[in-house]
Structure formats: C-alpha cells, structure tokens
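Trainee: Before we start, here is the structure in question, set down as structure tokens.
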Amino acid sequence: MVEFEFTPEQRDLRAVAREFCTERFAGPEVRRLVETPDGFDREVWRRLGRDVGLLGLALPEELGGAGAGLVDLALVAEEFGRAVAPAPLVGTVALAATALRLAGDDGTAEELLPAIAEGEAVVALAATDDRGAWAPAQPTVRATRTDSGWRLTGEQAHVLDGAAADAVLVLATTETGTGLFAVDGAADGLTREPLSVLDLTRRLARLRYADVPARAVGEPGQAATAVAGARDVAAVVLAAEAVGGAQRLLDMSVEYARTRLQFGRAIGSFQAVKHRCADMLVDVEHARSVAYHAAWAQDAGTDDPRVAADLATTVTAEAYLRVAKNTVQVHGGIGFTWEHPTHLYYKRAVGDAALLGGRAAAAERLAAAVLDGPALGGVA
Amino acid sequence: MTDRDRVVETARSVVAEHPPATTPQRAFLGACFDAGLAWVHFPEGFGGLGVAPGLQAVADGILQGAGGPNPFWLNPMGYGMAGPTVMAHASRELAAQLLRPDYVCDEIWCQLFSEPGAGSDLAGLATRAVRDGDTWVVTGQKVWTSNAHKARRALLLARTDPDQPKHRGLTYFVLDMTDPGVEVRPLRQMTGEAEFNEVYLREARIPDAHRLGEVGQGWHVAMTTLMNERTAIGGGSSVRGSGSIGTALRLWRERPDLRTPALRERLVHLFARADAARLTGDRQRAEAGERIGPEGSIGKLVGAELNQDVHEWCMDALGVEATLYSGYEPRPDGSPPPVEGEDRQRMFLRSRANTIEGGTSEVLRTILGERLLGLPGDLRADTGRPWSEVPRG
C-alpha cells in the first residue's frame with residue numbers, strides 16, 4: 001500500500017459513494033431530513049448498509065464487514081461530507097463500531113457489528129460526562145452489579161446520535177475502574193432528551209439513566225483503550241468529511257465568483273476575490289493530504305496513527321472553518337441567508353471543531369508528542 | 001519488474017558500487033547520471049530511465065539516505081531548472097552536451113530572467129537579442145541572478161521582436177557566461193551578503209545552435225523553467241521536521257530556558273502547517289503524471305509564507321538575543337555570520353525574499369485562481385498591444 005495511491009477498486013468505491021450521496025442527499029433532501037425527529041432516514045441508512053455495502057467497509061469479514069480499511073471508509077466519509085449528509089456515520093460506524101471491535105467482547109461484537117454493517121442497528125457511543133466533556137477520567141454514569149445484572153445510574157450530555165440509537169454503548173464508572181456497558185435504546189429507566197443543536201446535521205442528546213439494566217462489554221481495563229481507539233478512527237472520518245465539505249464549498253465559491261457580475265465584471269476577476277479563492281484551495285489541499293495520511297497511517301503504519309489523527313484534526317478543523325468563512329464572504333449577502341446551503345456547512349465546521357474533545361485538545365496532544373517528549377522519528 | 005523496483009535496484013547498486021563516503025562527489029554524481037538516476041523521467045542516455053517523475057523521490061531517498069549529495073543544493077538552477085528546460089526544448093545533440101556537466105556540477109547554471117523593469121511582469125523584459133548570421137547579439141541588464149558569479153552557463157530570455165505583443169516577441173537561449181560581453185556585479189542584500197548579482201550584457205554573442213525552441217517561442221520555453229522553479233523551491237522534503245520548521249524545533253529542544261506556553265502553542269501550529277505542506281508535496285508527487293503543473297505553485301506559496309512565520313517565531317523565542325547580528329561584515333559567500341547561533345537572524349532576514357523570488361505570492365495566488373480554479377483573468381492594459389507601445393517604468 002503506497003501512501004496516496006488509490007487502487008482502481010477504491011476509485012470505484014468513491015464513485016459509488018458519490019453517486020449515492022448525490023442521489024440521496026441532495027440539498028432539498030438534507031433540508032427535509034434535518035426537520036425530522038431522528039434527523040436521518042432509516043430506510044436510506046439500511047440501503048447504505050444492506051444494498052450498497054458502505055457501512056461495514058472497515059469491519060472484519062467474519063463480522064459482516066468487507067475487511068477493507070480506513071482509507072476506504074475515509075473515501076466514503078469524504079462524499080458524505082461533500083453532501084453534508086445527515087446520517088449516523090461518525091456516531092455508529094466510526095465511534096461505536098470501533099469501540100465494539102476494540103473492547104474485547106466477542107459476544108457483543110458478533111451481535112451488534114453485523115447489524116451495524118447491515119444498516120439495521122444505529123448504535124451510539126456515550127463516552128461523555130454530564131457536561132459533554134469527552135472521555136472523562138471519572139465517568140458520571142455509575143455501573144452497579146446487582147443480582148439481576150448491571151444497572152446504570154447517572155447522566156451524560158452531548159451524546160452523538162444518542163436519541164435515535166437502537167443501542168447505546170456507555171462509558172461508566174465501576175468499583176474497579178471504568179467500563180463499557182451496552183444499553184437497549186428502549187430500556188426502562190433511560191430518558192433521552194434531544195438537544196437543540198447549532199449544527200442541524202448532527203444530533204446530540206442528553207441521556208439520563210435511572211437504574212437502567214445494562215450488559216458489561218469486554219474487560220473493564222479495555223474501556224479507555226477502546227474509547228481512545230474509537231476517537232482516532234472517528235477523527236479520521238471527521239477529517240475526511242471536512243475535506244469533502246471544504247471541497248464542495250470551494251467549488252461553490254469558484255462557480256459563484258465566475259458568474260456573479262459587479263462593476264461589469266465577474267467578481268472572480270478581482271484579485272481580492274481570486275486570492276481568497278486561492279487560499280481556500282491551499283486549505284483544501286492541505287486538509288486532503290493530512291486526512292488521507294491519517295487513514296494510511298492506521299491501515300499501513302506510514303506514521304504513528306495517533307499523531308497522524310491529531311495532525312489531521314488540527315489541520316482539517318482549521319481549514320474547514322476558514323474555507324466556510326471565506327465561502328460566506330465570497331457569496332456576499334446570499335451566503336448569509338437561510339436558503340443558501342453555506343450555513344449548513346459552516347455550522348458543521350463549527351460543530352466538528354468541538355467534537356471528540358475538540359481541536360484544541362488534538363493540538364495539545366500533538367504538541368505533547370512533537371515538542372514535549374523525545375524527538376519523533378524524523379523530527380529534528 | 002515495476003518501474004519503482006527498477007529505480008530502487010538501480011539506486012542500490014550505484015550506492016553499493018560507489019559508496020558516497022569514499023567516492024569523490026563528482027564521480028558519485030557521474031555514476032548516478034550514467035545509471036539514469038539524475039532525472040529519472042528523462043530518456044535513457046540523458047541521465048534518466050524514462051519512468052514517472054514521482055519516482056525521483058524514491059531514487060533520492062536511497063542516494064541521499066546513503067550520504068550522497070543533493071544536486072539541487074549544489075547547482076540549484078542547473079539541476080532544478082536548466083536540466084528540465086534543456087531536455088524539453090534543446091536538440092538531442094545540445095542536450096547530450098549540456099546535461100552531464102550540469103548534473104555533476106562541472107558547470108554551474110544561473111537564470112537570466114528578471115530585469116530592473118521586469119519583475120512580476122517578466123514577459124515585459126527589454127534585453128534585446130539581434131540576429132547576426134549564425135549568432136545572436138545580446139544587449140541589456142538582468143538582476144536578482146543567483147550564482148551568476150559562479151556560473152558557466154545561463155538560461156537567458158531576451159526580446160527578439162519588439163513589435164509583437166510582449167509574450168510573442170521573446171526567444172530563449174543558453175548563454176556562455178565566459179563571453180567577453182558578460183559582466184557580473186554582486187548585489188548586496190538586507191542580510192549583508194551578496195547572494196545575487198546584476199548582470200550586464202553588452203553585445204554578448206550566442207551561437208544560434210544554443211537557442212532553445214523557435215524564435216518567438218521563448219515564453220513557452222520559459223514556462224517549463226518557471227514551473228520547475230516553483231516545484232523545486234516549493235517541492236520541499238518528504239522528511240518530517242526538515243526545512244525551516246526543523247530550525248525552530250531544534251531551537252525548542254536545545255533551549256529549554258526559552259520555552260513558554262505561548263511559544264509552544266504557536267510552534268505546534270507551525271509544525272502542523274509544515275507537515276501538511278510536506279504531505280501535500282508527497283501527495284502531489286504520488287499523483288503526478290508526466291509533469292507537475294500549476295499545482296506546484298501551492299508548495300511555493302505555502303513554503304514561502306511558512307518560512308517567514310517560522311523564522312519570526314525563532315526571533316520571538318530568542319527574545320533580546322535576536323537583536324544582535326554580526327553578519328554585515330564581508331565574509332565568504334554562503335557562510336553563516338561569525339557569531340555562533342546568529343545564522344537564525346540571517347535566515348529570518350533572508351526569508352523576507354521568499355515571498356518575492358521565484359514568483360511573488362500575489363502572482364502565485366493569481367496562477368492558482370486562474371489556472372487551477374478557472375477564475376477569469378484580470379483586466380489588463382497590455383493585451384494585444386505591441387511591446388514597444390506598452391508604458392513602462
């Protein structure tokens with residue numbers, strides 16, 4: 001696997017994903033979906049899994065997946081990002097499926113992963129505390145062992161796809177440390193409150209657990225590793241989505257600058273606008289490089305996967321935000337309206353920058369790896 | 001065997017048969033040239049293997065990884081610009097004559113393009129070449145010429161027809177710098193050094209056989225040179241932490257006394273930008289077909305602005321130490337200032353030129369906007385007018 005060289009099969013995969021997204025997540029459809037209670041279309045999700053086979057790409061073949069890698073998943077994510085598609089790709093396919101895969105619990109993995117791959121099960125990874133902070137050292141949900149099994153009590157905020165999930169994977173405190181627990185979405189004692197979100201295309205929920213029956217997933221010692229590994233995969237998926245979204249914004253901006261006339265000229269002929277577009281191009285190209293690199297780092301070991309993931313978050317989050325801001329500016333007044341698609345992308349960029357602990361935390365981890373410790377391979 | 005395997009095998013056998021540690025530089029470079037590793041995408045017999053240009057990085061990784069010299073640093077204009085231009089536009093006889101001495105650094109090259117009256121508007125240049133039988137007689141003034149004082153040969157762009165619109169009246173030549181009509185004067189810059197020169201041409205003579213491309217096609221030929229220049233300047237290295245960011249990372253490591261949280265925050269973002277630029281170069285090379293096009297301008301644009309920001313960070317980190325500089329006294333060309341550590345100040349000052357040389361950042365953003373994004377051109381005052389009628393000054 002040579003870095004940055006896609007196989008013909010991967011190019012075909014991208015084409016399939018683009019065609020699907022173009023067909024199923026066109027602008028008016030995205031606007032319709034964000035008005036629905038779940039925020040996405042379950043039938044479309046099933047088709048993505050069962051018929052098109054995009055949801056199990058990175059899962060092992062024996063668990064209903066395609067046994068491909070993160071490079072393949074990143075290509076699909078890029079197309080989702082281009083369409084700003086409202087769908088539980090990050091929450092279910094990246095976060096929950098990876099945590100399940102890494103948790104060391106074959107039984108639960110065999111039960112849930114094939115259902116995720118088929119598009120039958122939407123699973124959320126609830127790894128926040130009651131204020132929404134990612135992966136707390138002391139989770140605010142407590143798991144207690146009773147005669148009739150584990151019970152969960154407590155609260156979590158900002159759980160991605162938490163309201164719509166058929167099952168929730170919960171990071172909870174036990175007497176012996178933190179552990180992961182599986183909870184049925186319809187379980188007694190579980191209250192799910194959808195939050196009013198700034199990014200309408202990603203749903204967050206507050207989950208309240210009042211003595212909720214749960215099943216322990218894997219060994220308690222594995223939970224932190226599984227959650228961190230899930231974050232690394234989801235960071236790459238988010239980065240790839242940002243690449244697709246930023247590229248779409250650049251395309252829109254260039255098209256507008258070519259056709260919008262002021263002072264008798266296309267505004268793109270003015271250097272002030274042209275150079276802004278050139279800066280957007282640089283941002284998109286850099287974002288693409290670090291996102292793909294992070295995917296290859298996980299699949300082929302071309303870099304330390306965590307360094308590559310944190311680099312990808314740091315660079316793509318900034319690039320996506322800047323491209324989105326520039327898109328509003330290039331479009332002028334129309335770019336500030338509700339009817340124009342730009343705000344969906346802009347808010348996506350704002351929201352993504354805060355997910356999974358946020359881009360500042362990623363930059364902090366990158367600084368710790370590159371500046372605080374011994375020199376990284378190749379770093380002077 | 002794939003092309004990649006062939007490059008790897010060839011490079012390994014050159015290193016095995018001519019260990020860089022014990023082989024004189026000229027002999028090592030000669031062996032690389034003869035093995036086709038000089039410019040791997042050139043035809044066999046011309047320093048290449050006829051394979052994709054992206055594989056040059058594979059060859060360089062092995063040759064330079066074993067301690068071999070970097071030909072770009074030894075002869076930047078010769079390796080980065082003259083070679084590709086000569087290969088693309090010279091007759092096979094002339095190419096065969098010029099390429100080997102270029103690569104093994106028997107002949108250093110310089111580029112006679114910019115003039116006092118033609119910077120960003122290079123096609124507006126005024127140096128005249130007039131035909132006299134089988135030779136051309138050249139008169140004019142060039143400026144910002146790196147290495148002119150060391151160069152045996154020059155890439156020269158001159159006006160052969162002032163009555164055509166500016167792009168159409170240019171012709172491209174290879175000039176012998178030892179011609180008696182060539183005078184080189186050093187040009188002192190803000191660092192105190194004289195890395196560049198002014199070159200005065202007074203009836204310098206060039207045989208017609210040393211013309212590259214047709215008469216009047218000089219702009220087309222010059223595009224080959226400029227695209228290679230921008231790729232070479234901006235191409236960067238695929239080694240993490242090399243280049244200017246390495247200077248900052250070393251300073252951070254070696255001087256714990258300078259560290260502050262604010263500097264750390266800035267440095268990690270500079271590192272992220274540098275690494276994104278590095279990976280973008282890697283990706284472009286992996287995706288490059290026969291030649292890197294205008295997307296090569298991305299690396300040049302980013303590299304220049306990043307260098308400036310990195311060196312500014314170093315100055316901030318050094319604090320009051322940065323206010324000293326011993327580099328204004330005359331000293332051997334290319335040597336650091338006499339006081340240890342003050343090369344950082346020199347590099348900081350030097351980086352000011354990065355956003356001007358080899359295409360200003362303004363010109364590069366315009367190229368990205370128009371050539372890569374397809375945005376419409378600006379209104380121009382000189383389009384279609386004979387060069388002789390265009391206002392200058």
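The values are calculated or read from the model by the stated rules, or taken from the named source; none is laboratory data. In this text, all values refer to a predicted model and were calculated from it rather than measured experimentally. We place every Cβ from the backbone using ideal geometry, glycine too, and count neighbours over all the protein chains shown. All accessible areas refer to the heavy atoms of the entire protein, side chains included, with ligands and DNA or RNA removed. Shrake-Rupley method; radii C 1.70, N 1.55, O 1.52, S 1.80 Å.
Trainee: Provide the per residue accessible area, probe 1.4 Å, for the protein assembly as shown, rounded to a whole number of square angstrom.
Mentor: Numbers: 31630 Å² over 773 residues.
Accessible area per residue: 41 Å².
Trainee: Residues of the range B:376-393 losing 50 Å² or more of accessible surface, assembly versus chain alone, probe 1.4 Å, please list them.
Mentor: B:PRO376, B:ASP378
Trainee: For the range A:259-291, list whatever residues lose no less than 30 Å² of accessible surface once every protein chain is in place, relative to that chain by itself, with the probe at 1.4 Å.
Mentor: For the range A:259-291, once contacts with the other chains are taken into account, A:ARG265, A:SER269, A:GLN271, A:LYS274, A:HIS275, A:ALA278, A:ASP279, A:LEU281, A:VAL282, A:GLU285, A:HIS286, A:SER289 lose 30 Å² or more.
Trainee: Identify which of A:THR92, A:THR313, A:THR337 has the largest mean-square fluctuation in a Gaussian network model of chain A, with springs joining Cα atoms closer than 10 Å.
Mentor: A:THR337
Trainee: Starting from 0.36 nm per residue, how many nanometres of slack lie between B:GLU287 and B:ASP343 once their C-alpha separation is accounted for?
Mentor: Using 0.36 nm per residue and subtracting the Cα-Cα distance, I get 16.5 nm.
Trainee: Given A:HIS340, B:MET87, B:HIS220, which one lies farthest toward the positive end of the charge dipole of the protein assembly as shown, if we put +1 on the Cβ of every Lys and Arg and -1 on the Cβ of every Asp and Glu?
Mentor: B:HIS220
Trainee: Right, next: Nearest 10 degrees, 0 to 90: what angle lies between the long axis of helix A:305-331 and the longest principal axis of chain A (Cα atoms)?
Mentor: The angle comes out at about 40 degrees.
Trainee: Which length gain, in nm to one decimal place, applies between B:GLU44 and B:GLU357 when the Cα-Cα distance is subtracted from 0.36 nm times their residue separation?
Mentor: Values: separation 313, 0.36 × 313 = 112.68 nm, distance 3.32 nm.
Here the segment from B:GLU44 to B:GLU357 would lengthen by 109.4 nm.
Trainee: When only the heavy atoms of the protein chains count and the probe is 1.4 Å, how do A:MET1, B:MET223 rank by accessible area, highest first?
Mentor: Details: A:MET1 145, B:MET223 55 Å².
Output order, biggest surface exposure first: A:MET1, B:MET223.
Trainee: With a point put 7 Å past each Cα toward its Cβ, work out how far B:SER13 is from A:ALA187 in nm, to one decimal.
Mentor: 6.7
Trainee: Say R0 is 25 Å: what FRET efficiency, to the nearest 0.05, do A:ARG47 and A:THR225 get from their beta-carbon distance? Intermediate results must be reported in sequence, preceding the final value.
Mentor: Values: r = 34 Å, r/R0 = 1.34.
Efficiency, rounded to the nearest 0.05: 0.15.
Trainee: If r is the Cβ-Cβ distance from B:SER238 to A:ALA115 and R0 is 45 Å, what FRET efficiency results, to the nearest 0.05?
Mentor: Working: r = 42 Å, r/R0 = 0.94.
The computed FRET efficiency comes out at 0.60.
Trainee: Suppose every Lys and Arg Cβ carries +1 and every Asp and Glu Cβ carries -1, with no other charges. What dipole size does the protein assembly as shown come out with about its Cα centre, to the nearest 20 debye?
Mentor: Values: 81 positive and 103 negative charges, 403 e Å.
Taking the Cα centre of the protein assembly as shown as origin, the dipole is about 1940 debye.
Trainee: At what distance in nm do the modelled label points of B:LYS150 and B:ARG392 sit from each other, each positioned 7 Å from its Cα along Cα→Cβ?
Mentor: Output for this residue pair reads 3.1 nm.
Trainee: Let me ask you something else. How large is the charge dipole for the range A:124-223, taken about the Cα centre, if only the Cβ atoms of Lys, Arg (+1) and Asp, Glu (-1) carry charge, to the nearest 20 debye? Mind showing how you got there, number by number?
Mentor: Details: 10 positive and 13 negative charges, 28 e Å.
The calculated dipole for the range A:124-223 is roughly 140 debye.
Trainee: May I pose another question? What distance in nm separates the simple spin-label points at B:GLU321 and B:ARG131, each placed 7 Å from Cα in the Cβ direction?
Mentor: My value for the distance between the label points is 6.2 nm.
Trainee: Run down the aspartates and glutamates and flag those whose C-alpha is under 16 Å from the C-alpha of B:LYS300, throwing out any fewer than 8 positions away in its chain.
Mentor: The reachable aspartates and glutamates, counting only those whose Cα sits under 16 Å from B:LYS300, are A:ASP279, A:ASP283, A:GLU285, B:GLU229, B:ASP275, B:ASP282, B:ASP309, B:GLU357, B:GLU362.
Trainee: Show the residues, 5+ positions off or on another chain, whose built amide H is closer than 5 Å to the amide H of A:ALA126.
Mentor: Counting only residues 5 or more places away or on other chains, the set is A:LEU169, A:VAL170, A:LEU171.
Trainee: All other residues with a Cβ under 9 Å from the Cβ of B:VAL390 taken together, and with Lys, Arg as +1 and Asp, Glu as -1, what is their net charge? Could the numbers behind the result be given before it?
Mentor: Working: positive: B:LYS166, B:ARG385, B:ARG392; negative: B:ASP382, B:GLU389.
Surrounding charge for B:VAL390 is +1.
Trainee: Compute a Gaussian network model of chain A, connecting alpha carbons closer than 10 Å, and tell me which residue from A:LEU180, A:LEU75, A:LEU355 fluctuates the most.
Mentor: A:LEU355
Trainee: Oh, and also: Under 12 Å from the Cβ of A:ASP211, count the other residues' Cβ atoms, weight Lys and Arg +1, Asp and Glu -1, and hand me the total. If you can, show how the numbers build up before the last one.
Mentor: Numbers: positive: A:ARG142, A:ARG151, A:ARG208; negative: A:ASP188.
Net charge around A:ASP211: +2.
Trainee: Rounded to the nearest 100 Å², what's the accessible area chains A and B bury against each other, both chains counted, probe 1.4 Å?
Mentor: Values: alone 16400 and 18990 Å², together 31630 Å².
Using a 1.4 Å probe, the pair buries roughly 3800 Å².
Trainee: Summarise the accessible area of the range B:3-69 (1.4 Å probe, protein heavy atoms) by the percent that is carbon and sulfur. If you can, show how the numbers build up before the last one.
Mentor: Numbers: 1470 of 2870 Å².
Result for the range B:3-69: 51 percent of the exposed heavy-atom area is carbon or sulfur.
Trainee: Here's another thing I want to ask about it. For the range A:302-328 and the range A:235-252, what is the separation of their Cα centres, given in Å?
Mentor: Cα centroid of the range A:302-328 versus Cα centroid of the range A:235-252: 10 Å apart.
Trainee: Here's another thing I want to ask about it. Can you pull the Kirkwood radius for chain B, inverse mean 1/r over Cα pairs, to one decimal in Å?
Mentor: Details: mean 1/r = 0.0445 Å⁻¹.
Every distinct Cα pair counted, the radius reaches 22.5 Å.
Trainee: Starting from the Cα of A:LYS347, draw a straight line to each of the lysines and keep only those under 16 Å, dropping any in the same chain fewer than 8 residues away.
Mentor: A:LYS347 reaches A:LYS325.
Trainee: Take the alpha-carbon centre of the range B:64-120, take the same for the range B:379-393, and report the distance between them in whole Å.
Mentor: One Cα centre to the other: 32 Å.
Trainee: Right, next: Nothing charged except the Cβ atoms of Lys and Arg (+1) and of Asp and Glu (-1): what's the magnitude of the dipole of the range B:117-174 about its Cα centre? Round to the nearest 20 debye.
Mentor: Working: 9 positive and 5 negative charges, 55 e Å.
For this selection, approximately 260 debye.
Trainee: Mind checking which of A:ALA300, A:PRO37, A:PRO374 is farthest towards the positive end of chain A's charge dipole, using Cβ charges of +1 (Lys, Arg) and -1 (Asp, Glu) about the Cα centre?
Mentor: After comparing all options, I get A:PRO37.
Trainee: Hey, another quick one. Between B:GLU254 and B:GLN25, what's the calculated FRET efficiency when r is the beta-carbon distance and R0 is 41 Å? Round to 0.05. Numbers along the way, then the final one.
Mentor: On the way: r = 30 Å, r/R0 = 0.73.
Once the sixth-power term is evaluated, E becomes 0.85.
Trainee: I'd like to verify something in chain B: which complete DSSP H helices, judged by Cα projection on the helix axis, reach 30 Å or more and average at least -1.0 on the Kyte-Doolittle scale?
Mentor: Values: long enough: B:261-287 (39 Å, -0.64); B:296-318 (33 Å, 0.06).
Helices meeting the span and hydropathy rule in chain B are B:261-287, B:296-318.
Trainee: Any residues in the range B:241-275 that have 40 Å² or more less accessible area with all protein chains than in their chain alone, probe 1.4 Å, and which are they?
Mentor: Flagged in the range B:241-275: B:LEU249, B:ARG253, B:ARG264, B:VAL268, B:HIS269, B:PHE271, B:ALA272.
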